Amino acid sequence: MFNLESIVRPNVLKMKPYSSARDEFKGEASIFLDANENNLGSLAGENYNRYPDPHQKKLKTLIAEIKDVRSEQVFLGNGSDEAIDLLLRAFCRPGKDALLCLPPTYGMYEVSANLNEVRIDTVQLTADFQIPVQEVLQTLKPETKLLFICSPNNPTGNSIRTEDIETLLNKFSGLVVIDEAYIDFADTPSWTTRLNDFPNLVILQTFSKAWGMAGLRLGMAFASAEIIALLDKIKPPYNINEATQELVLQAIDKTEVLKDMVEEIVQERELLMQALPSIQAVETVYPSDANFLLVKVTDAGAMYKFLLSKGIVVRNRSGLPGCEGCIRISVGTLEENQTLLKAMAAF
Ligand SMILES: Cc1ncc(COP(=O)(O)O)c(C=O)c1O
């Protein structure tokens, strides 16, 4: 049923990608006069006068290893936000095609769709923030090319039921994009373990959350080699800068530190989960598999302002469908969380 060529934008299939200087030259050389770089050096320090590897070979090899996929199944973006945008540009014809997303969810699917003049169809998640599968199946149209599922979902924090995602993967002839930005905080396995079962599966992950590298901007997409080749074809040639490539290469084998940080954040999340309900203004604390909590309070706007007056910034999410009266709180350090609890109790 799934046929990749039939859903790719014809101009993307036909076009020739940009060929960089470093694509055209392969081999050994000592003098590089091919890329109009500054051969005298760099004001920023070592090697930054040179363009970075456009194919991110070393990084992709290492990431493939730790994620247990093949390196041809890895795309790297300037944040996963870049991967979201490129998916839209590869598969959705402006003014003709559509994507489906499931609010309340991450806002960039909609922003990218608007930017690319792609129609957004929406089906609201149920009261317990799961997918109403039948309704989604009825809403999918021939021109729907992408279905975005965020799991664990931002801003609700919960994971989406595996069986429901599996049904949609089997029945939808477009791409199912599962955004796993928060997967490191969840107990459930990543959908990367199922990559070879579904030709229409795309998984997004990021170094911005558990890895603590939001400032470096490195996002990942995992999919079939054919889908990844399309994203690579249309990406800006040097989308991952040299500093990011170097710093992530150095950090990537510190998986013990990652594990410890994730454990501590999950532990802090559970402490907040236990403490918040005893605060008078708190009505509901939703279960979370992520590094934040969605909390329904008596007056979200007033709570937001009150916390701000105490120097604490949370996110007021009460404008999103299904999140009326809710604020979203990122899990902080032990001290920060204690300060937050004290402030909320004084509301
Ligand atoms: C669900 C989700 N996806 C993607 C992103 C963006 O990640 P990145 O920093 O890799 O662009 C975020 C950031 O908040 C997010 O919540």
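The values are calculated or read from the model by the stated rules, or taken from the named source; none is laboratory data. What you see is a predicted model; the values in this text were computed from it and never measured. Cβ sites come from the backbone with ideal geometry, for glycine too, and all protein chains shown count toward neighbours. Please note that ligands, DNA and RNA were not included when accessible areas were found on the heavy atoms of the full protein model with its side chains. Shrake-Rupley method; radii C 1.70, N 1.55, O 1.52, S 1.80 Å.
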When (1) small (Gly, Ala, Ser); (2) more than 17 Å from Leu216 (Cα to Cα); (3) crowded, with 17+ Cβ neighbours inside 10 Å are applied to Ser30, the one that fails is (3)
Here the qualifying pairs (Cβ atoms under 8 Å; residues six or more apart or on different chains; first in region 77-88 and in contact (Cβ under 8 Å) with a residue 60 or more places away in the chain and open to solvent by 10 Å² or more (accessible area, probe 1.4 Å); second among the hydroxyl-bearing types (Ser, Thr, Tyr) and within 7 Å of the ligand (Cβ to nearest atom)) come out as Ser80/Thr206; Ser80/Ser208
Those residues of region 272-287 which are more than 26 Å from the chain's Cα centre (by Cα) and in contact (Cβ under 8 Å) with a residue 12 or more places away in the chain amount to Ala275, Leu276, Ile279, Gln280, Ala281, Val282, Glu283, Thr284
Here the residues within region 165-211 that are out of contact with any helix residue (DSSP H, G or I) (no Cβ under 6 Å at 6 or more places or on another chain), β-branched (Val, Ile, Thr), more than 14 Å from the ligand (Cβ to nearest atom) and more than 16 Å from Val74 (Cα to Cα) are Ile165, Thr188
The one condition Phe91 fails out of (1) open to solvent by 20 Å² or more (accessible area, probe 1.4 Å); (2) more than 15 Å from the ligand (Cβ to nearest atom) is (1)
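Within region 217-226, restricting attention to residues that are within 11 Å of the ligand (Cβ to nearest atom) and crowded, with 20+ Cβ neighbours inside 10 Å, which residue is farthest from Gly332 (Cα to Cα)?
Pass one, region 217-226, residues within 11 Å of the ligand (Cβ to nearest atom): 217-221.
Still in the list and also crowded, with 20+ Cβ neighbours inside 10 Å: 218-221.
Numbers: Leu218: 22, Gly219: 22, Met220: 25, Ala221: 27 Å.
Among residues in region 217-226 that are within 11 Å of the ligand (Cβ to nearest atom) and crowded, with 20+ Cβ neighbours inside 10 Å, the one farthest from Gly332 (Cα to Cα) is Ala221.
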Counting only residues in region 159-182 that are open to solvent by less than 10 Å² (accessible area, probe 1.4 Å) and touching a residue at least 40 places away in the same chain (Cβ under 8 Å), the one farthest from Leu100 (Cα to Cα) is identified as Asp179
Here the residues within region 283-297 that are open to solvent by 50 Å² or more (accessible area, probe 1.4 Å) and aromatic (Phe, Trp, Tyr) are none
Only one of Met220, Met273 is of a type outside the set (S, T, N, Q) and not assigned by TED's automatic domain parsing to the domain that holds Ala186, namely Met273
Counted residues in region 202-222 being among the small types (Gly, Ala, Ser), assigned to a loop (DSSP other than H, G, I, E, B) and at negative phi come to 2
Given the conditions (1) more than 10 Å from the ligand (Cβ to nearest atom); (2) surrounded by fewer than 20 Cβ atoms within 10 Å (Cβ to Cβ), every one holds for Ala214 apart from (1)
Residue check for Thr156: surrounded by 22 or more Cβ atoms within 10 Å (Cβ to Cβ) and among the polar types (S, T, N, Q): yes
From the option list Glu135, Glu117, single residue qualifying as open to solvent by 40 Å² or more (accessible area, probe 1.4 Å), part of a helix (DSSP H, G or I) and of a type outside the set (Gly, Ala, Ser) is Glu135
The one condition Thr244 fails out of (1) under 27 Å from Cys92 (Cα atoms); (2) open to solvent by less than 40 Å² (accessible area, probe 1.4 Å) is (1)
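On the given criteria, is Gln280 under 13 Å from Asn337 (Cα atoms) and open to solvent by 40 Å² or more (accessible area, probe 1.4 Å)? Please lay out each step first, then the result.
Details: under 13 Å from Asn337 (Cα atoms): no; open to solvent by 40 Å² or more (accessible area, probe 1.4 Å): yes.
When the stated conditions are applied, Gln280 does not pass them.
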